[in-house]
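Written below as structure tokens is the structure these notes are about.
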Amino acid sequence: MAMEIMIDMIIRAGLIVATAFLFGVVFLAYLRMKNRKMLFISLGFAAFLVNALLHIPELINENYTRMLPENVFLFIDLVGLILIVIGILKD
Amino acid sequence: MLKEAILENNRRREIFIFLKANPGLHLRELQRRLKMPLTSLEYHLDYMVRKKIIYRERDGRFTRFYVMLLDEEDKKVISALRQKRLREIVLIALGKEGAKFQELQGILGLPSSTLFYYIKYLTDHDIIIRMQVGAETVYNIRNDRVAKALIVYKPSFLDNLVDKALYTFMETHFRKPKE
């Protein structure tokens, strides 16, 4: 059981680091260029980062999963993907 | 054309870095240490003196070279030119003394909307200016600080990452450009 929690924590921490890194790079690109295309894309990556952060409390509090259903996470992912697609298609 | 400009800029950067580490060297000593042809070295030194990147001082029968210190304005220009594509646009405009939009697009192979973004960024940051020559618009370098920034600038790991992100998202177009 302890091993499972450990693996869970490592995976979640990895997920946060990876999404934070991606968001950081894309947001920096937006800050340097300041255009709407990069703004949409960085907002999309920000949504992914929020999703990754929202998974953290689950490890500490079991009731948390009941408060935030799986659909909320899927919805955040969907919003992130839509924003990235809008950014990519924007000229 | 771009490759040549990049190569020349790299040579100037090499001279600049060497002079920064060894201030006050004279021409022959520089030539010996850098192992560069004398005419080429003289040409690059002259260019850098004209652009106020380095300065020379007479010392008896020697002319010694020193690098100029960076001021706040220089730092602003360097910070605005951290992205590779922006530096490439500036290098072309610097070499041609006025580049047309189509020329830039042809050399860099960028979609017009992306090139437009980059040019807007450069004009907003007072790096290049838009000039009307007859019916055509040409882009010219605003001041000599730009040449200095190109030589002094050293890309960081973060700059390379941002370059890659910009390349991926700004230069990949899935839709056909509007005619």
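Read-outs: derived from the displayed coordinates by stated rules, not from any lab. It should be emphasised that the depicted structure is a prediction, and the values quoted were computed from it without experimental measurement. Note: ideal-geometry Cβ built from the backbone for every residue, glycine included; neighbour counts use all protein chains shown.
Annotations
- Highest average first, the peptides B:120-133, A:36-49 ordered by how many other beta carbon atoms sit within 10 Å of their residues are A:36-49, B:120-133.
- Peptides B:155-161, B:88-94 ordered by average Cβ neighbours within 10 Å, highest first: B:88-94, B:155-161
- The distance linking segment B:54-116 with segment B:1-51 is 16 Å (Cα centroid to Cα centroid, whole angstrom).
- Each of B:ALA21, B:GLN105, B:SER79 was scored by the projection of its Cα onto the charge dipole of chain B, and the greatest displacement toward the positive side belongs to B:ALA21; charges sit on the C-beta of Lys, Arg, Asp and Glu.
- Positive-pole candidate from B:THR39, B:ILE54, B:ALA149, dipole of chain B, charges at beta carbon: B:THR39
- Partner lysines for B:LYS120 [C-alpha distance under 18 Å; skip if fewer than 8 residues away on the same chain]: A:LYS34, A:LYS37, A:LYS90, B:LYS76, B:LYS84, B:LYS100
- Dipole magnitude (debye, nearest 20) for the protein assembly as shown, charges at Cβ of Lys, Arg, Asp, Glu: 1260
- Taking the C-alpha atoms only, the angle from helix A:2-33 to the longest principal axis of chain A is near 10 degrees.
- Taking Cβ atoms as reference points and 13 Å as the exclusive limit, the residues near B:LEU161 contribute a net charge of +2, counting Lys and Arg as +1 and Asp and Glu as -1.
- Around the Cα centre of chain B, unit charges on the Cβ atoms of Lys, Arg, Asp and Glu (plus for the first two, minus for the last two) sum to a dipole of about 400 debye.
- The dipole here belongs to segment A:2-89: it is taken about the Cα centre, uses +1 on the Cβ of Lys and Arg and -1 on the Cβ of Asp and Glu, and is about 680 debye.
- Peptide A:21-29 - average C-beta neighbours from other chains (10 Å radius): 4
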